[in-house]
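The values are calculated or read from the model by the stated rules, or taken from the named source; none is laboratory data. All values reported here derive from a predicted model rather than from experimental measurement. Virtual Cβ from ideal backbone geometry, glycine too; neighbours counted across all protein chains shown.
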Amino acid sequence: MNSFMKNITQKDIDFMQVALDEAKLAASEDEVPIGACVVFEGRVIARAHNRRESDKSPWAHAEFLAMQQAAEILDRWRLSGCSVYVTLEPCLMCAGLMINSRIDRCVYGSSDPKGGALGTLYNVHADERLNHEFEAVGGVLEDECSKLLKDFFIRRRKERKQSKEEGTYEKPAHIDIDDLDCLRSQINIIDKQMFSLLQQRFDVAALIARYKESHGMDIFDPQRENDKCLWAESLADDDEKDLYGRIMSELMEVSREYEKRINDKQ
Ligand code: ZN
């Protein structure tokens, strides 16, 4: 048994399973399969997977994104009371975020000999010079976590070799994900962000309307509305063009409705 294993409970294993499900999602998106979740008061409040390639972002590590979400959901920067579960030992950046967000605990799956900052290369969680310390536990579902990574890199090497030989590249078959809960929780998080963005959009649209009003301009500008729909269509793949245009036009409709209600209230 790994020497880290002393403080493990069944709950830790269950939550690591959630992080593993996220890691599988990453693999299905052709990202290095690392997953994470944040637990607060015994419940998973945020979950994410590595999105470095999709987001073209150096900080889109699974646990980084999960902590960001958790802060949004708790509506505070301080993540005290939270535990972070992640399939691979966090790097210096993520361990730094754990210090800065004051988490209680981090549980990880496999160690990272090339970057691990919670026990392998560094002991960021237990450095008395820093202004926060937290518990770090490694080795939970270690075999599953590292197998996922190994399989991914073996598959990728094989594919690269093959595409070099044939001069072609075929996208790998997606991994089946049976976990409906996992996908639902993703939808919930996206919806939450979407509604928050919608609110911001309506507020700005209302400001524009007020500006136009005070400058004696027509609030409704059919040419511009048409341009907006065309712009939305240009964002879509061919078979979705119509749909995007319709969504844009309905969005503007709802925006006007919102603005009318605000004006009626005043
Ligand atoms: Zn990291």
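Which is within 16 Å of the ligand (Cβ to nearest atom) and farther than 18 Å from residue 145 by Cα, of 52, 43?
52
Since residue 107 meets every condition but one in (1) buried (at least 24 other Cβ atoms within 10 Å of the Cβ); (2) away from the ligand (no atom under 16 Å from the Cβ); (3) hydrophobic (A, V, I, L, M, F, W, C), which condition does it not meet?
Tallying (1) buried (at least 24 other Cβ atoms within 10 Å of the Cβ); (2) away from the ligand (no atom under 16 Å from the Cβ); (3) hydrophobic (A, V, I, L, M, F, W, C), residue 107 fails exactly one: (2).
What are the pairs, 6+ residues apart or on separate chains, where a residue within the range 95-114 that is under 24 Å from residue 144 (Cα atoms) has its Cβ under 7 Å from a residue that is of a type in the set (Phe, Trp, Tyr) and surrounded by 24 or more Cβ atoms within 10 Å (Cβ to Cβ)?
What qualifies is 107/85.
Hey, does the range 15-32 have a residue that's closer than 15 Å to residue 149 by Cα, of a type in the set (D, E, K, R) and touching a Gly at 6+ places or on another chain (Cβ under 6 Å)?
Yes, the range 15-32 has at least one match.
So for the range 1-13 (the condition being buried (at least 24 other Cβ atoms within 10 Å of the Cβ), modelled with pLDDT of 95 or more and either among the aliphatic types (A, V, I, L, M) or more than 21 Å from residue 193 (Cβ to Cβ) (or both)), does at least one residue qualify?
Here is the first cut: in the range 1-13, the ones buried (at least 24 other Cβ atoms within 10 Å of the Cβ) are none.
Looking through the range 1-13, none of the residues is buried (at least 24 other Cβ atoms within 10 Å of the Cβ), modelled with pLDDT of 95 or more and either among the aliphatic types (A, V, I, L, M) or more than 21 Å from residue 193 (Cβ to Cβ) (or both).
If I ask for residues that are without any contact (Cβ under 8 Å) to a residue 24 or more places away in the chain and either near the ligand (Cβ under 10 Å from one of its atoms) or on the phi > 0 side of the Ramachandran plot (or both), which ones from the range 59-74 would you list?
60, the sole residue that qualifies.
Taking the range 212-266 on its own, how many of its residues are assigned to a loop (DSSP other than H, G, I, E, B), among the acidic types (Asp, Glu) and touching a helix residue (DSSP H, G or I) at 6+ places or on another chain (Cβ under 6 Å)?
Our first condition is that a residue be assigned to a loop (DSSP other than H, G, I, E, B); within the range 212-266, this holds for 215-221, 236-237, 266.
Narrowing the set further to residues that are among the acidic types (Asp, Glu) leaves 218, 221, 237.
Narrowing the set further to residues that are touching a helix residue (DSSP H, G or I) at 6+ places or on another chain (Cβ under 6 Å) leaves none.
Within the range 212-266, residues that are assigned to a loop (DSSP other than H, G, I, E, B), among the acidic types (Asp, Glu) and touching a helix residue (DSSP H, G or I) at 6+ places or on another chain (Cβ under 6 Å) number 0.
Would you say residue 77 is within 12 Å of the ligand (Cβ to nearest atom), surrounded by fewer than 24 Cβ atoms within 10 Å (Cβ to Cβ) and touching a residue at least 24 places away in the same chain (Cβ under 8 Å)?
Here the answer is no, as residue 77 does not meet what is asked.
Can you confirm whether the range 82-101 contains a residue that is more than 14 Å from the ligand (Cβ to nearest atom) and surrounded by fewer than 17 Cβ atoms within 10 Å (Cβ to Cβ)?
no
Residue 35: modelled with pLDDT of 95 or more and either under 27 Å from residue 153 (Cβ atoms) or within 16 Å of the ligand (Cβ to nearest atom) (or both), yes or no?
Values: modelled with pLDDT of 95 or more: yes; either under 27 Å from residue 153 (Cβ atoms) or within 16 Å of the ligand (Cβ to nearest atom) (or both): yes.
Yes; evaluated as a whole, the condition is true for this residue.
Does residue 115 qualify as being within 16 Å of the ligand (Cβ to nearest atom) and either within 19 Å of residue 32 (Cα to Cα) or in contact with a Pro (Cβ under 6 Å, 6 or more places away or on another chain) (or both)?
In short, yes.
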